[in-house]
1. Among all residue pairs at least 6 apart or on different chains, which show Cβ distances below 6 Å where the first residue, located in segment 64-85, is closer than 18 Å to D45 by Cα and charged (D, E, K, R) and the second is surrounded by 18 or more Cβ atoms within 10 Å (Cβ to Cβ) and modelled with pLDDT of 95 or more?
2. For segment 16-115, list the strands (runs of 3 or more DSSP E) that sit wholly inside it and hold at least 1 residues that are more than 27 Å from V133 (Cα to Cα); which are they?
3. So which of E184, E197 is within 25 Å of E71 (Cβ to Cβ), open to solvent by 60 Å² or more (accessible area, probe 1.4 Å) and assigned to a helix (DSSP H, G or I)?
4. May I ask you to list pairs of residues, at least six apart or on different chains, whose Cβ atoms are under 7 Å apart, with the first in segment 250-265 being within 20 Å of P225 (Cα to Cα) and in contact (Cβ under 8 Å) with a residue 24 or more places away in the chain and the second being assigned to a loop (DSSP other than H, G, I, E, B) and open to solvent by 70 Å² or more (accessible area, probe 1.4 Å)?
5. Tell me, which residue of segment 124-163 that is of a type in the set (F, W, Y) and outside any loop (DSSP other than H, G, I, E, B) is least open to solvent (accessible area, probe 1.4 Å)?
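The values are calculated or read from the model by the stated rules, or taken from the named source; none is laboratory data. On a predicted model such as this, the values are computed, not experimentally measured, just so you know. Here the Cβ is made from the backbone with ideal geometry for all residues, glycine too, and neighbour counts use every protein chain on show. What goes into the accessible areas is simple: the full protein's heavy atoms, side chains included, and nothing from ligands, DNA or RNA. Shrake-Rupley method; radii C 1.70, N 1.55, O 1.52, S 1.80 Å.
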Amino acid sequence: MDIQPAPEGAYADADGVKYHYLRMGAGSPTIFLHGGGPGCTAWSDFGPVAPMFARDRECFLVDILQYGKSEKCVITGPMWDFHAAKTVALMDALDIARADFVCNSWGGTIALNLAAKYPERVRSLVVTGSMPVFYGPLAPLPEGARRGRKARDAYYGGTGPSWEKMRDLIARLEWYDREAVPDETVSLRYQQSLDPEEMALAADADNPRGDWQDLTDELGRLMVPVLFAWGMHDAFLTPDYPLMLARMVPRGHLYVMDHTSHHLQEERPHDFYSVVTGFLNQAHDR
């Protein structure tokens, strides 16, 4: 399913930073947070599936800070605490008291931390391909849990970004069927990756993304329902990892989708929508 042109976005000030977001549909508020790959935005990660959710939900597709059209601020201190606090401030700015969250990779780790520290703001979570803890139950995490950072360094390093390097990155690490990657998605990610401020962040050796945090303690305190929706062939974290996470979270669920890797919401959007909307529509408030 090819990605369609993005709807018109808007901006909101949230506790001193500026967010860009897309708003679609009407109904129960649902916030979508994307992953941390080069050139990722809310629309690049959720564009194929967001119109389905917008049939009966009010969808907020948020460019997380340092990505897309949101502010490229320098983060100091614990990174997931920073993102969680600013996301709550964004909810305040948009008058969202409580929401469901549907998240990929980095966005999922932000949402897990947010739900642990601000439980009154979250109804339920769907998390795909995120790494909130730095260990796994059966095998060492690929490349010492640094595969994503190494891929970003390789993409921006050497001769610099190119359309071909972006396609190889997506095909090798994010999609199961490399031949199915849409050219439109590659172009969208590539063009965004050329943003001068994003390139400056990638080149900065002083860790402008903040200090990495392990969220083991936070997962144990997290009381909202969480669905870990995983690709069977995720190139970063095999399905034994989210099974461990689902057991660490008091109300954890796990769904593993065949013939997908790290971006199942793009690879199989209709199936992703069916599974996720069924989970979100459950009576979680019992």
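1. K69/H20; K69/D63
2. Where strands (runs of 3 or more DSSP E) fall fully within segment 16-115 and carry at least 1 residues being more than 27 Å from V133 (Cα to Cα), they are 17-24, 28-33, 57-63.
3. E197
4. Going by the 7 Å Cβ cut-off, the qualifying pairs are P250/M223; R251/M223; V256/M232; M257/M232.
5. Ranking the candidates gives Y155 first.
The rows are residues; the columns are (1) more than 17 Å from the chain's Cα centre (by Cα); (2) under 19 Å from P196 (Cβ atoms).
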position: G16; (1), (2): yes, no
position: I31; (1), (2): no, no
position: H34; (1), (2): no, no
position: G47; (1), (2): no, no
position: P51; (1), (2): yes, no
position: F60; (1), (2): no, no
position: I64; (1), (2): no, yes
position: G68; (1), (2): no, yes
